[in-house]
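Taking it in order: structure first as structure tokens, then the write-up.
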Amino acid sequence: MAELLQLRGIQKTYTLGKTEVTALRGVDLAVSPGEFTVVTGPSGSGKTTLLNIIGCLDRASAGTYVLDGEDVSARDFDALAEVRNRKIGFIFQGFNLVPVFDVLENIEFPLALRPDVTAAQARERARQLADAVGLSSFVRHRPDELSGGQRQRVAIARALVTQPRLVLADEPTANLDSHTSEQILELMLGLNRQEGVTFLFSTHDPRVVAHAHRALSIQDGRMVDGALAPASGAGH
Amino acid sequence: MKRLLSMALRNVGRNRRRSLLTGLTVFFGVMVIVNARGLMWGLQSMLIEDTVEARVGALQVHRRGYVDSADAAPLELSLPADEPFRQRLLAIPNVAGASGRLVINGQASNGRAQTLFVGRGVDLAHELETCPRSAVTVKAGGSMLQPADADAALLGSALAGAFGVGVGGSVALQATSPGGRVNSLDVQVKGLTESAFPFENQRVAVLPLSTAQGLVGMAGRVTEYAVRVHELSRLEETADALRAALGPDVEVHTWRDLQAFLRDVIYRQNTLLGGVSLLLFVVVLTGIINTMSMSVFERTREIGMLLALGVRRRAILQLFLLEGVLIGLAGGLMGALAGRLLVGGVAALGISFNISGIAAVTVLRPQVTPLFVAAAVAVAVSGSVLASLWPAWRASRLDPVQALRS
Ligand SMILES: Nc1ncnc2c1ncn2[C@@H]1O[C@H](COP(=O)(O)OP(=O)(O)O)[C@@H](O)[C@H]1O
Ligand SMILES: [Mg+2]
């Protein structure tokens, strides 16, 4: 099966004044389409850094990164804006919605950035996704009128609105209580199953790991145990 | 683009108090400038009218070389005091009136004391057509000279005071003809004049033209023509037309050339206003820079998110510029409207200046041109762009990774 993404020898070093902090020390990773993969690891182990590189928000200091058959390691930030918009959906820990937009406007936003999509098409697709994440009766609400779980549903819908090849979620349940986390996880698993959306996300939460097809562990900037055996939930 | 505008509009509404405060500084800035300009123009046009309508005329015509030695009142540089010459002036477009004058230097005395005076002999048949307000500068108790008057005078109030002479009294005037003959004449004081210009008060005596001509033996001659125009805004072109029509023996000056003092006062007022405007502009700009910087700082994560979703850096720049411009535009337009209304209101009421003893009241009416009001708004808006430029640029250069971590 053709890999959706392939990382080889990815290193990342941050320079803080005179000191250098190495966040990633040679990561190899391949993800196939349709996979539901989690990356676990303690705080500071490099999860966010890895996801930022995969999301084309950040560039590796060394190594190669091929996304959907395209080497994106050397592209500059603005050229990657298009790649981000078309191929990747982001779900952030802190939701990060546009506070002055209502639910529909937030969901349609990444799609509306595209010159080839009409406002009506974007709106229609946003409605479908609001339905899919169970927010059809909240479409006119602003983020500050929603609960944390509802906000994260908006963020999930927004990440999916462009039908991206890959959805990245950096600790998407960290700001939610365990019951709501469960629901959000169910939602993502459902979308993975029904729509075949490829998810890659990071978490602290051991219960989340149990549901993943594949759980990777990162420590001190290195993958440990390469790829853990797929968890029992893989057959969903 | 529509989405960007709608986003900017809503972002401006987000921190309502701060946007309002910033908009208010623009509002007050524009309003103050419009009103200060209005007052200044009102004052200046009052001064100009006083000069043009009461004394100098809009333009003056002399024999060439006269104005350079005007202090000596050179009588040999004279012009004909006849109707054909006056008609040549009146034939020029925009000329509304013309009146001949003979300006002489001499001594005035009451038998005990004497002093130098400047006599302005005026053609009473045409003087009021040319300087319609010369009558109103006569203080209460006196009266304007009439065409039938001879051997009569209006004295500057300080000049009259120096002799202790009042309306109805008489003074002896003495002057020398171009040929060197000294003549003397008793004139009756018919009124006292008062002017904002000290020289007028202290030195000038207004005489019937024939009286002045008799004093210096210059029947049929004048040293200047005062000219009135329909439109002051076309003054220079009218002056040029007169020069072309009258030829090289004659010189034509505008009130600006003749009243360097007033011209300089106006220039200084305008410079001061310019300085104050600039200061105000800087203060308002600083406010906008401050507001936009705070806004960028507070929204760092949001900017990171927008960049992550694929928004171009240029669009981020435009977003923040737009927000600054919206504040500037709203504040500027409302300030212009309020300023214009205030100027109109004060002009309708009028600010009265009752210069002591003068029958007529001089009223200051602030005035602004639509062009100036529009320019004030344009400066406010372009100032907002300028002030937002740096914060907006910083926002657009944020590193999304750092911004999202903040
Ligand atoms: N912008 C940065 N500058 C310097 N060091 C950084 C920066 N971002 C992350 N790091 C460091 O890189 C390491 C990995 O961080 P991160 O990827 O955020 O880990 P995690 O998401 O697993 O908590 C940490 O030691 C962190 O301090
Ligand atoms: Mg992290």
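The values are calculated or read from the model by the stated rules, or taken from the named source; none is laboratory data. What you see is a predicted model; the values in this text were computed from it and never measured. Positions of Cβ are generated from backbone atoms using ideal geometry, with glycine treated the same way; all protein chains shown enter the neighbour counts.
Annotations for the structure displayed:
Every residue, every condition in (1) within 16 Å of ligand 1 (Cβ to nearest atom); (2) in a helix (DSSP H, G or I); (3) in contact with a strand residue (DSSP E or B) (Cβ under 8 Å, 6 or more places away or on another chain); (4) at the interface with another protein chain (Cβ under 9 Å from one of its Cβ atoms), yes or no:
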position: A:LEU51; (1), (2), (3), (4): yes, yes, yes, no
position: A:ALA60; (1), (2), (3), (4): yes, no, yes, no
position: A:SER73; (1), (2), (3), (4): no, no, yes, no
position: A:ALA81; (1), (2), (3), (4): no, yes, no, yes
position: A:ASN85; (1), (2), (3), (4): no, yes, no, yes
position: A:GLY94; (1), (2), (3), (4): yes, no, no, yes
position: A:VAL100; (1), (2), (3), (4): no, no, no, yes
position: A:GLU105; (1), (2), (3), (4): no, yes, no, yes
position: A:PHE109; (1), (2), (3), (4): no, yes, no, yes
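- Whichever residue in the stretch B:163-202 is under 37 Å from the mean Cα position of the chain (by Cα) and of a type in the set (Ser, Thr, Tyr) and, among such residues, is nearest to B:ASP71 (Cα to Cα): B:SER195
- Output for the stretch A:111-120, where each listed residue is at the interface with another protein chain (Cβ under 7 Å from one of its Cβ atoms) and outside any loop (DSSP other than H, G, I, E, B): A:ALA112
- A single entry from B:SER143, B:SER233, B:SER195, B:SER210 fulfils the requirement of being modelled with pLDDT under 90, in a helix (DSSP H, G or I) and out of contact with any Cys (no Cβ under 9 Å at 6 or more places or on another chain): B:SER233.
- Any hit, the stretch B:236-253, residues being assigned to a helix (DSSP H, G or I), of a type in the set (Val, Ile, Thr) and not assigned by TED's automatic domain parsing to the domain that holds B:VAL34: yes
- The single residue among A:GLY89, A:GLY44 that is touching a strand residue (DSSP E or B) at 6+ places or on another chain (Cβ under 9 Å) and within 16 Å of ligand 1 (Cβ to nearest atom) turns out to be A:GLY44.
- From the options B:VAL34, B:VAL52, B:VAL26, B:VAL12, residue that is within 30 Å of B:ILE316 (Cα to Cα), under 30 Å from the mean Cα position of the chain (by Cα) and of a type in the set (Val, Ile, Thr): B:VAL26
- Lone unmet requirement of (1) in the same structural domain as B:PHE199 (by TED's automatic domain parsing); (2) in contact with a Lys or Arg (Cβ under 8 Å, 6 or more places away or on another chain) for B:ARG86: (2)
- Test: residue in the stretch B:52-72 that is in a loop (DSSP other than H, G, I, E, B) and closer than 30 Å to B:VAL296 by Cα: no
- Top-ranked residue of the stretch A:1-41 - restricted to ones that are touching a strand residue (DSSP E or B) at 6+ places or on another chain (Cβ under 7 Å) and in a loop (DSSP other than H, G, I, E, B), ranked as nearest to ligand 2 (Cβ to nearest atom): A:GLY41
- Restricting the stretch A:41-67 to residues that are within 14 Å of the chain's Cα centre (by Cα) and among the β-branched types (Val, Ile, Thr), the residue that is surrounded by the fewest Cβ atoms within 10 Å (Cβ to Cβ) is A:THR48.
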